[in-house]
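These notes are about the structure you will find just below.
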Amino acid sequence: MRLRTLPVSISGVLAACAYAMMNDSFSMKPAVLCLIFAVLAQVASNFANEYFDYKAGLDRAGRVGPRRGVTEGDITPRAMLVATFLTLGIACAIGCSLIYWGGWWLLAAGITIAMGVLAYSTGPFPLSHYGLGEIAVIAFFGIIPVNLTYYLQALQWDPAVFYGSLSIGLMGANVLIVNNYRDLEDDRAVGKHTLAVVLGRKAMSTWYLLNGWVAVALMTPVWSVLGSWRWIFPCFYAAVHTLLWFLLLSRRGTSLNPLLGATSLAMLIYSLGLLIAAVFPPF
């Protein structure tokens, strides 16, 4: 399930709920369903990545990153495939329940998300194999979930929410950057063309730093409206993010694993901060 990365999907829903609260349109039931759907979709994507990378020969035993169950023989390929589609099926069932709030057009959105879950790791053009993983994260963990979760509560679109969704997407992409930065040698050896393999460590570390700073800058108007003590949240994120960047530059291999979780956790704290700030009216 790769639990340390799940805050990526949780953060998008929390950010959307914060925007809904700011606009007096928060609705608990669709928000909770969106949260469950988002987490299950990410878990299904992680399962699919484990299975299809194994089938393609892209995962090797003893890899630098966290232990892969199928590759190491802990889980049979068939069991992982069943788990992938069972989890995705449950996510789709929950997603269909959201039609009650958003209308039948959500079927198209749901199908797109389900296809994205699989297209990340398989199909004629697996996104993660051709340097498009980070772009996929920005879209499927930022732009799509934040805007859809907000819409299902407010029943309207908001340009400010779009900028917030892009911000969350950039933060989420940083989690994948750490992952691919760590796995660069392993991925290069098996012919997996992640963006880290294509661009190299220096470019990816620079992108990591810029992503965090741009993410905060995009939401400056929101924090300006909220004002007062709430600035502690973006300032805290920016400081932690910069510290993590320094650590990224100085580490290799398994020592990067804690940074993966820390990058994900910083994103979650930022989104929780936005939610807390939205609960209390500006003064």
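The values are calculated or read from the model by the stated rules, or taken from the named source; none is laboratory data. From a predicted model like this one, the values you see are computed outputs, not experimental measurements. Positions of Cβ are backbone-derived with ideal geometry, glycine not excepted, and every protein chain shown enters the neighbour counts. Accessible surface is based on the protein model in full, side chains and every heavy atom, while ligands, DNA and RNA are left aside. Shrake-Rupley method; radii C 1.70, N 1.55, O 1.52, S 1.80 Å.
Yes or no, residue by residue, for (1) of a type in the set (Gly, Ala, Ser); (2) buried (at least 20 other Cβ atoms within 10 Å of the Cβ):
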residue	(1), (2)
Pro30	no, yes
Leu35	no, yes
Ala48	yes, yes
Pro66	no, no
Val70	no, yes
Leu86	no, no
Practice problem: Give just the number: which of (1) touching a residue at least 24 places away in the same chain (Cβ under 8 Å); (2) under 30 Å from Ile276 (Cα atoms); (3) open to solvent by 10 Å² or more (accessible area, probe 1.4 Å) does Cys96 not satisfy? | Solution: (1)
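Yes/no matrix, rows are residues, columns are (1) under 21 Å from the mean Cα position of the chain (by Cα); (2) among the polar types (S, T, N, Q); (3) closer than 30 Å to Ser224 by Cβ:
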{"position": "Ala31", "(1), (2), (3)": "yes, no, yes"}
{"position": "Leu40", "(1), (2), (3)": "yes, no, no"}
{"position": "Gly95", "(1), (2), (3)": "yes, no, no"}
{"position": "Ile99", "(1), (2), (3)": "no, no, no"}
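This table checks each residue for (1) more than 28 Å from Thr122 (Cα to Cα); (2) surrounded by fewer than 23 Cβ atoms within 10 Å (Cβ to Cβ).
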position	(1), (2)
Trp157	yes, yes
Ser165	no, no
Ile168	no, no
Ile177	no, no
Arg201	no, yes
Val214	yes, yes
Ala217	yes, yes
Self-check item: Matching residues in the stretch 1-19 - criterion: being open to solvent by less than 40 Å² (accessible area, probe 1.4 Å), within 21 Å of Gly95 (Cβ to Cβ) and part of a helix (DSSP H, G or I)
Solution: Thr5, Pro7, Val8, Ser9, Ser11, Gly12, Val13, Leu14, Ala15, Ala16, Cys17, Tyr19
Exercise. Kindly provide the set of residues from the stretch 50-64 that are surrounded by 20 or more Cβ atoms within 10 Å (Cβ to Cβ) and either farther than 29 Å from Arg251 by Cβ or under 20 Å from the mean Cα position of the chain (by Cα) (or both), ordered by number.
Key: Glu50, Tyr51, Phe52, Asp53
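With the condition being farther than 24 Å from Asn180 by Cβ and at pLDDT 95 or above, I'd like the helices (runs of 4 or more DSSP H) fully within the stretch 20-105 carrying at least 2 qualifying residues.
In the stretch 20-105, the matching helices (runs of 4 or more DSSP H) lie at 28-55, 77-97, 99-102.
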Exercise. Report the residue count in the stretch 240-268 for those that are open to solvent by 60 Å² or more (accessible area, probe 1.4 Å) and either in a helix (DSSP H, G or I) or under 14 Å from Arg4 (Cβ atoms) (or both).
Key: 7
Quiz item: Looking at the stretch 138-172, which of the residues that are of a type in the set (Phe, Trp, Tyr) and out of contact with any Cys (no Cβ under 9 Å at 6 or more places or on another chain) is nearest to Ala109 (Cα to Cα)?
Solution: Phe140
Quiz item: Considering the stretch 108-124 alone, what residues qualify as being hydrophobic (A, V, I, L, M, F, W, C) and surrounded by 14 or more Cβ atoms within 10 Å (Cβ to Cβ)?
Solution: Ala109, Ile113, Ala114, Val117, Leu118, Ala119
Quiz item: Is it true that Tyr51 is aromatic (Phe, Trp, Tyr) and touching a Pro at 6+ places or on another chain (Cβ under 8 Å)?
Solution: yes
Practice problem: Out of Gly131, Gly102, report the one residue that is farther than 17 Å from Gly212 by Cα, in contact with a His (Cβ under 6 Å, 6 or more places away or on another chain) and open to solvent by less than 20 Å² (accessible area, probe 1.4 Å). | Solution: Gly131
